[in-house]
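Below you'll find the structure, written out as structure tokens, and then a few comments.
The values are calculated or read from the model by the stated rules, or taken from the named source; none is laboratory data. Note that this is a predicted model, so its numbers are computed, not measured. Virtual Cβ from ideal backbone geometry, glycine too; neighbours counted across all protein chains shown. Only protein heavy atoms, including side chains, enter the accessible area calculation; ligands, DNA and RNA are left aside. Shrake-Rupley method; radii C 1.70, N 1.55, O 1.52, S 1.80 Å.
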Amino acid sequence: MLDEAGESPVRMEDVRQELFSALPHLRAFAISLTGDIDRADDLVQEAVVRGLSHLHQFRRGTNFQGWMFTILRNQFHSNYRKRRREVEDADGAYAAKFAIAPEQGAHLDFGDFRMALKKLSPEQREAILLIGAEGLSYEETAEICNTKVGTIKSRVNRARKRLAELLGYEKLDEIGPDRVVQAALREEVGLGVQV
């Protein structure tokens with residue numbers, strides 16, 4: 001039976017035999033590339049797996065050992081390029097410098113905040129948005145709203161209290177990341193951990 005290219009298919013018994021005879025040579029080549037027996041053995045294993053999974057690309061009648069050498073060499077260079085981009089960080093100290101709070105919680109908190117903001121009276125919402133979101137002063141906000149500064153301060157104060165109530169906050173430190181994330185991000189007494 002012939003394959004699509006009109007050639008007889010590669011027999012697994014032939015592949016097995018050629019692979020076993022090529023293994024010592026592949027291992028020697030891998031050791032010369034890596035300079036480390038363990039890494040060389042891993043490289044040979046990766047090359048064999050890759051070769052067997054792409055056996056359909058091997059042309060019968062060509063040099064099987066040469067084909068495997070090419071796969072091993074390409075695998076070595078791919079691994080080398082990958083290792084150059086990686087940073088050794090066994091104790092996690094380097095990664096800890098880049099610790100950030102997860103975004104999904106903030107996204108959900110913002111959605112809750114928007115819903116609570118809609119429940120404020122238009123005057124309170126207007127005052128808190130101009131002061132809090134736009135960064136305007138009480139005087140500028142009073143002028144925009146055509147009212148007195150004291151009225152704006154009162155509206156902002158009532159709006160803040162109402163938002164805290166609607167969002168279920170009892171203390172200021174509850175705003176932001178949840179307690180688990182807060183504990184992970186701040187210095188823990190006795191552990192000496194600081195982020």
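Could you derive backbone 3J(HN,Hα) for segment 108-117 from the dihedral phi with the Karplus parameters 6.51, -1.76 and 1.60 (θ = phi - 60°), listing whole Hz in sequence and x where the residue is Gly or Pro?
5, 4, 5, x, 4, 4, 4, 5, 5, 4
How do Thr70, Thr34 stack up against each other in accessible area, from largest to smallest, with a 1.4 angstrom probe? Intermediate values should be presented prior to the final figure.
On the way: Thr70 75, Thr34 25 Å².
Sorted descending by solvent-accessible area, the residues read Thr70, Thr34.
Ordering Val15, Val149 from largest to smallest accessible area (1.4 angstrom probe), what's the sequence? It would help to have the intermediate numbers written out before the result.
Numbers: Val15 5, Val149 45 Å².
Order by accessible area, largest first: Val149, Val15.
Calculate one ³J(HN,Hα) per residue across segment 62-69 by plugging θ = phi - 60° into the Karplus curve 6.51 cos²θ - 1.76 cosθ + 1.60, and present them in order as whole Hz with x for glycine and proline.
8, 7, 5, 4, x, 5, 5, 4
Of the peptides 108-114, 18-24, how do they stack up when ordered by the mean number of other Cβ atoms within 10 Å, highest first? It would help to have the intermediate numbers written out before the result.
Details: 108-114: 11.6, 18-24: 14.3.
Listed from highest to lowest mean packing, they are 18-24, 108-114.
For a Förster distance of 45 Å, can you work out the FRET efficiency between the beta-carbons of Gln57 and Arg114, rounded to the nearest 0.05? Walk me through the numbers before you get to the answer.
Working: r = 55 Å, r/R0 = 1.22.
It comes to 0.25.
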